[in-house]
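Single-structure report; data block below.
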Amino acid sequence: MTPYVLALYALVAAAVALTAAYLRRYVMPRPPVGRMVGADIAVMVVTLVVMPFAYLHLPTGVVVSIFGLVVLTLTQLTLAPVLGGRWGMIAALLLCAADVTAFALGRPAALLVINDALLILLVVGVVNMWVQAAITPAQVAALAAALTLYDTLATGLTSLTADFVQRMQGLPFAPVLASSYGDDPALIGLGDCLMLSIWPVVALRAYGKAAAWCAAGLEAVLLALSIAFVLSHGRLLPLLTVLGPLIVVQWLYWRRWQGRRTPAPARPEVNRALEVNRALEVNRALEVADAPAGMWAALSPEGVLVAEGATPGLARKEARLAGTQGVPVVWRLGE
């Protein structure tokens, strides 16, 4: 059991690291959905909650087809910036076809490896898509709180998760990251992987490196405690029951800390006028520079465009490298 548990959490760490590395280097083709709003969080919660019920009660062919289409689409979107659109689609089709073929030929080891690769790509793509849609720390905290309640009920108080795991073992496109199945499975759900991967990068974007390293360190401790729990009790710890409140507490702390660092403006009308002026400056700069859609711009406190980047963090970093004095103001180009 021990090697499988260690391998599982190595896969989790790889998913988190690849998500952060992807965000630094690539910009996904952004669907025309605008910014993340509260309704989007509600839809995500409903989707993640309904998924186990779907696997339990719908015909296998229907479930595999629906989730397979989702996996194919998100895998192509994730690979497109790396390989190009055409080769990204070819690679996604080959991976999905290999997953189904391994299932049809009765090759559980191959199915496990391919399914894990697809799930990691899905997590990387979904998290980066959410970050590019400007998901806020408050929205991540709300999502974590909702999933905490669900995970506590489904895993800790009822047999829903256990029934779900038993039902989906050995199926292609299963929404779990696993190192083994059988009587003592070592696996972790899609919701856990998403929350583990998204909070460090959102904390980095909103609150800086200290918050990101704090998030990563606490998650590493939580995973170590989870390994100890599995090895001592022989069953998996409902991770979101602990991870969700941990994310909410960090959000409350960093929001309050940031509020202490940034005093409220004494002249709200004047400051609002300056913000509008800065936004106009960015739009004019966009028209002149013909910058690509989805880029972020960093302005000096005087409202001068000094740098651009694929994410707010990269824009701020470029501004610092350019020698900008003071805290740069970050705007999304074209808004």
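Values quoted throughout were computed directly from the atomic coordinates according to the rules given, and no laboratory measurement underlies them. All of these numbers come straight from a predicted model, not from anything done at the bench. Glycine also receives a Cβ, built like all others from the backbone with ideal geometry; neighbour counts cover every protein chain displayed.
Computed values, structure above
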quantity	calculated
Distant-in-sequence amide H partners of ALA307 (H built 1.01 Å from N, under 5 Å)	ALA298
Alpha carbon convex hull of the range 1-148, projected area averaged over orientations, nm²	10.3
Estimated inter-spin distance, ALA7 and LEU94, nm [label 7 Å along Cα→Cβ]	2.4
Residue-wise HN-Hα coupling along the range 316-322, computed from phi with Karplus coefficients 6.51, -1.76, 1.60 (Hz; x: Gly, Pro)	5, 5, 5, 5, 5, 5, 7
Computed E for ALA210/LEU157 - FRET, C-beta separation, R0 41 angstrom, nearest 0.05	0.70
For SER180, residues with placed amide H under 5 Å, excluding near neighbours	ALA186
Cα→Cβ-extended label distance, 7 Å offset, between THR73 and GLN169, nm	3.2
